[in-house]
1. Have a look at L518, T926, A219 and report the one farthest towards the positive end of the charge dipole of the chain, computed about the Cα centre with Cβ charges (Lys/Arg +1, Asp/Glu -1).
2. Summing -39500 (n - 2.57) over the DSSP H runs of n ≥ 4 in the chain and dividing by its residue number, what mean residue ellipticity at 222 nm do you reach, to the nearest 500 deg cm²/dmol?
3. Can you find, among G166, S475, S568, the residue sitting farthest towards the positive end of the charge dipole of the chain, where Lys and Arg contribute +1 and Asp and Glu -1 at Cβ?
4. How much net charge surrounds G1061 when only the other residues with a Cβ under 9 Å from the Cβ of G1061 are counted, with Lys and Arg +1 and Asp and Glu -1?
5. Where in the stretch 845-917 are there GluC sites (Glu not before Pro) that are in a DSSP coil and have at most 10 other Cβ atoms within 10 angstrom of their Cβ?
6. Taking a point 7 angstrom from the Cα of L414 along the C-beta vector, which residues in the stretch 374-403 have backbone N less than 18 Å away?
7. By the gyration tensor of its Cα atoms, with a ≥ b ≥ c the square roots of the eigenvalues, what is the shape of the stretch 909-953: rounded for a/c under 1.5, prolate for a/b over b/c, or oblate?
8. Give me the number: length gained by fully extending E348 to N647, i.e. 0.36 nm times residue separation minus the C-alpha to C-alpha distance, one decimal in nm.
Amino acid sequence: MLLLPAMHAIAQERTVTGSVTAQDDGTPLAGVNIKVRNANIGTQTDGNGAYSIKAGGDTTVLVFSYIGFVTQEIKVGSRSKLDVTLAEDTRQLGEVVVTALGIKREEKSIGFGAQKLDGGELSNVREANLVHSLSGKLAGVQVAGNTGSMGGSAKINIRGINTIYGNNNPLFVVDGMPMENRNTNSLEQQRGAGGYDFGNSIQDLNPADVENVTVLKGAAATALYGSRGANGVIVVTTKKGGKSAKPNLSYSFGYNIDKVYKLPRYQNKYGGGFAFQKLYYNQNPEAFPADRKGSYDDNDGRGPYDLLPEYATDESWGPKFEGQLYRPYWSWDKDHGNPDFGKVVPWEAQPNNIRSFFETGGTFNHNIALDGATDKGSYRISYSNFDQKFILPNSKLVRHNASINASYQAIKNLTISGSGNFVTHSAKGRPGTGYGDDGGNVMVQFTQWGQRQVDFNKMKEYELPDGTQLTWNRSSWFNPTPRFSNNPYWVRHKNYETDGRTRVFGNLGASYQLAQGLTAEVKYMTDTYFETQEERVAIGSQYTSQYWLSKYSHLENNFQGLLSYNKSFTKDFSWNANVGVNRMTRSGSTHISKTVDGLSSNVFSLEASIGRPDITDLKTKKRINSVFGSSSLGYKDMLFLDLGARNDWSSTLPVKNNSYFYPSGSISWIASSLIDANWLNFLKLRAALAQVGNDTDPYNVTLAYLLYQPFGTYSRVAVPNTLPNPDLKPEITSEYEFGTEFKVFNNRLGLNLSYYNRRTRNQIIPLSRSAATGATYKYVNAGLLENKGIELSLNASPVSTEQFKWDITLNWAKNNNKIVRLTADQKTMVLANASFAVQLEAREGESFGSIVGYDFMYNDKGQKVVNEEGIYLRSDDQKVLGSVLPSFTGGVINAFRYKGFNLSVLIDFQKGGSFFSTTQMFGRETGILEETATGSIREDGIIAEGVKEDGTPNDVVISARDHYSSNGNGGYNINSIDVIDASYIYLREINLGYSLPAEWVSKTPFSKVRVSLTGRNLWLIKSNSKHVDPTAITNSISNWQGLEGGALPSVRSMGVNVSFGF
């Protein structure tokens, strides 16, 4: 009798087997969790989706759960075989986010602002720098760049400017690994004074490898990342192994056509110089061909002559285009073997000459990936190639990305995972930017200093048979030496730059389950690259021939240990906690060398330097040791309390101040769980409070002498211009935020709203001091910077049927920035000087990035005042003319789905913000831009709008040239004229895709096929900037923005993408 209960239990227990597949395509799902409800029995599916589990009696319920799929609970009954299909849970996918340290959390449980973006939104319309693809798609995330700069920089600000002098860019974290996002552009280049934009290094990340991006915005969200997370964190999760034991092979191909889009508006009525010159045959017979003695003869006894423009004058205040015959710049140089010697052509407009200089570019994208899974692990291998022929002559950018991602359960409870990435890129012929002395930016001579009659087809012949440069801006008819400007084709083919970077990054980790809910993890992460840059100025150029060689290296290693605990104590309470340590070690080197006094030959090498080459070598090292921990307590799956803490010890701060603590806390309440309303699907209220710190760069606390070029055999050392401070403290940022999220009407309408207030004290800034002390600046802790604002993300589905769906997403953010305090003695800090006018300043009481310069003189009635000569009077003192920071930013995404078709349209916008335009200032002064030839102002003159000093209306006529000149009413004199509102509305992106029906694809070797048409930077709908694209004036990721020195044209791209699954 005693055996009966045991025999009964054995009879009740049996093995249930089966398989689990995806409902949409029947793919076997590996790693599905299967548990017996209310029992400590569970298993997972193997690589073929198969499982086997011990089950009890007929009332046993099995729970099938898998991330991204709807959980199913199925009563076993009398069955011993049970096959299950799981449907994708798109709602759940949207609610799982990756938070600090790579921890996945349900969105409802977090009490801080975070926003997620699917990786497809980055790869659908692929940019050379993937950061550009974030524009308008995330609330509170401002992206600025320049599409005309071939792989150039893309700057990101999250919730405004936090530090006056330091780095304001967010931290990028890829699969838990911090990624370097360095920018090596020169200081001159950053202030708009010329140089190359080599881009920021995060563009090495391959968009085709990205699964999703989560942006952690607030201090509470980023505190666990330490000082590097002070400006927000962009968490990138890459694609991992597949769901099936059967290997899945995919291939995608894309081709984009790139065309120049926004160019300045040029006048086409008047040519170069100021007036024609007459060259008489009788005085210079050698200047004429044998069969012609001149085009004109005034019968004044001086004989025949040819008309010559003023070649050496790089302005366009010359004669009106009336078809006069003249000698172009290329009709001389008989002794140089010029076959065009003596030719004359009509004096006429070349309305498309600038646009014709730019070529049709083309960009190829290829990606091939292989992934799969077994019951023990998964893998993914990927290779991508990006090959761009840019719109400028002799320009090209090529990038190769190879990656591997894998995980494997070595033994029970032990999983080993890792990833490796290898990236190479090479560029040739990046465009010069800004207003530089080396003439690398051809837009300066096109728009600021040039002549409107130049035929660009002839300019392609940029050198004479003997190698002498042939340029429109020759010194005189008998001297071909360039006066101010090189031939732009000479610039592109002779004075080009090259650069390349090789990068390796990855991680290797092991995770061991010590007990139920308790896991220990160790991880090693590394990121290293080597970069080389070369710049050239050839012999025969307008500038002294020169060669630059720059080399950069970077190595960062992170060692991290993490202990995680996740436990549900009762039906009501859940708790997860993490405690860990991290050691970050970073080292870098910079080597910059250039020739001196010119080149001895056109062999671009330091050995060709006539003088002793100028060499700069810098090496830096930095270490941060950290401990951190977090705790999350949940109650009834509706109330969540998070607490976090981290302490860093930084080697760049003095020992007595090198420790700084980051506390954080947040609370999230799912109020909808207590509200019984059919129309309300979800309502969350949240609040967060946190403090984060920020350290400084190496060697700002100890004196490091500078080694200069030797004087003869004697070494030269000097104290740096900015003195270190052994008492520096870390910058400290404190923030609180409140927010709400709700979804109503069967999830047809949703809102995510945040308010934040952030204050950063102990700003690390270089304070000006008397030069008599031996240095002009010293690093100090001072100042208080405040950011407060609102972020809004609104989602709606106006139409949703089985066959057709229309979704709208609005992202909008407004940030108010204010410099509350600088120092007791200094209320203004100059950040940068523009090339010729205005300064970028930090001023107490103003927002960051004040553009400061001279304004009009106004009378008591607010009227502009002119002097007796009809020229505007300017203000006695410099004033704040604008701020580089916008009032608000945002974007609207309309997405349509009909059967196999998908259409998405992105419009992004900005209200407010300003920039100073050197292009407009000099383009007007030199008579090149459209407004300098409006109507008959060149013949009749202009009366400037305003009043005389006695208050009577101005009636003094001045010439158009005087009106626009530096000494007249031009922006060089009255700076506010060329401070331009940066507001815009842009049709940024369109993507139209079609997935071929399964019945069509089944007849091919493929498992799926998708074709899409894409467009990027399609239409600048609204702008207050007449001559430059306000979204294409950023050329670095530094704080020095709003100083446009020579805007490159924006680029419009249209193309096709095709993807295949095998």
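1. It is L518, whose Cα lies furthest towards the positive end.
2. -1500 deg cm²/dmol
3. The listed residue farthest towards the positive side: S568.
4. That works out to +2.
5. Loop-located and lightly packed - E868, E869.
6. Backbone N within reach: 376-378.
7. Because a/c hits 1.5 or more and a/b fails to exceed b/c, the stretch 909-953 counts as oblate.
8. Fully extending the segment from E348 to N647 adds 100.6 nm.
Only the coordinates and a few stated rules stand behind these numbers; no lab work does. Worth saying up front: this structure is predicted, and the values here are computed from it rather than measured. Positions of Cβ are generated from backbone atoms using ideal geometry, with glycine treated the same way; all protein chains shown enter the neighbour counts.
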